[in-house]
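To keep things clear, I will list the structure first and then write my remarks on it.
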Amino acid sequence: MTPFLLVLSAPSGGGKTTIAKALIAAREDVGYSVSATTRPPRAAERDGVDYHFITFEEFVRRVKAGAFLEWAEYGGHRYGTLAAEVERVLASGRHVVMDIEVQGARRIRDRCQNVVSVFIIPPSAQALVDRLGGRRTERPPDLVRRLRRAVAELDEAKDYDYVVVNADRTQAVAEVAAIIEAESRRPRWQPTLDQSLAALGRDIAERADTLERT
Ligand code: 5GP
């Protein structure tokens, strides 16, 4: 099957990173595209695993070198998808899970053919506030900025292929997995479908011939 780019977007705190990680842990047919960012690492984050943490100067250098498929500014920091990361996962035959905000997702949809996009929404405003508050890594001005941005981001949801409500993490992961399953049955991702159908058709015709003769 042709691997595709699975773009996950959500308002910050919507739970997409957790969903992305759970998918990677549960499925062998997906891999994670590790983005580059100028944001400093949070306590539990590891360089090269959660993000490639780079300086602003290095980010600018890589933009000039054409290293990014897309990049965007978010909360005063830059974030970008490295073409080499996407290539690495595609070359292993796996779908590429990308956890990116809405501007980057739009660029990926405009630029790449092989995209399946999923917008994840929180079940309520309170759930979003609780999740962001629970993270305790955001200082209040950041928190307010992320909430204001979340309101604007919701406008983009209608342009995605799918919308999933993340009320329960296990259920949301199961829904995204179901999207991968359903998508992989589309003829567009099955380059050998023509041959398989032709072979099946020949087999059936042979059986019909045999039955007719007996
Ligand atoms: P955070 O700082 O919470 O890890 O991420 C902030 C926002 O940046 C999230 O919405 C996340 O999805 C987005 N983001 C992470 N990596 C990328 C990227 O490579 N490109 C874009 N456009 N957004 C990204």
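What follows is calculated from the coordinates using simple rules that are stated; it is not laboratory data. Computed from a prediction, not measured in an experiment: that's the story for all the values here. Backbone-built Cβ (ideal geometry, glycine too); neighbour counts: all protein chains shown.
Around the amide H of residue 121, modelled in the peptide plane, lie the amide H atoms of 164, 165, 166, all under 5 Å away and 5 or more residues distant in sequence or on another chain.
Counted by Cβ distance under 12 Å from residue 58, the other residues give a net charge of +3, where Lys and Arg count +1 and Asp and Glu count -1.
Springs join every pair of Cα atoms under 10 Å in this Gaussian network model of the chain, and among 191, 40, 123 the largest mean-square fluctuation is at 191. Modelled this way, with points 7 Å down the Cα-to-C-beta line, the labels at residue 170 and residue 77 are 3.2 nm from one another.
Phi angles across segment 59-73 convert, under the Karplus curve 6.51 cos²θ - 1.76 cosθ + 1.60 with θ = phi - 60°, into 3J(HN,Hα) values of 4, 4, 4, 5, 4, 4, 7, x, 6, 9, 6, 6, 8, 8, 9 Hz, Gly and Pro given as x.
In terms of other Cβ atoms within 10 Å, 183, 45 run from fewest to most in the order 45, 183.
When the trypsin sites (Lys or Arg not before Pro) in segment 125-214 are filtered for DSSP coil states and for at most 12 other beta-carbon atoms within 10 Å of their beta-carbon, the remaining sites are 136, 185. Rounded to the nearest Hz, the phi-derived 3J(HN,Hα) couplings of segment 199-206 under the Karplus curve 6.51 cos²θ - 1.76 cosθ + 1.60 (θ = phi - 60°) are 5, 4, x, 4, 4, 5, 4, 4, where x marks glycine and proline.
Among 79, 74, which comes first, second and so on when ranked by fewest other beta-carbon atoms within 10 Å? Let's see the in-between values first.
Working: 79 23, 74 19.
The order, fewest Cβ neighbours first, is 74, 79.
By the Cα gyration tensor, the chain has an equivalent ellipsoid whose semi-axes, rounded to whole angstrom, run 39, 21, 14 from largest to smallest. Taking only Cα atoms and a 10 Å spring cutoff, compute GNM fluctuations for the chain and point out the largest among 18, 192, 170. Looking only at 18, 192, 170, the biggest GNM fluctuation is shown by 192. Taking amide H atoms as placed 1.01 Å from N in the peptide plane, the amide H of residue 78 lies under 5 Å from those of 38, 39, each 5 or more residues away in sequence or on another chain. Per residue of the chain, the DSSP helices (runs of n ≥ 4 H) give a summed -39500 (n - 2.57) that works out to -15000 deg cm²/dmol at 222 nm. Of 30, 60, 102, the residue with the greatest mean-square motion in the GNM of the chain, using alpha carbon springs below 10 Å, is 60. For a modelled paramagnetic label at residue 63, 7 Å from Cα along Cα-to-Cβ, the residues of segment 83-104 in reach, with backbone nitrogen under 17 Å, are 83, 101-104.
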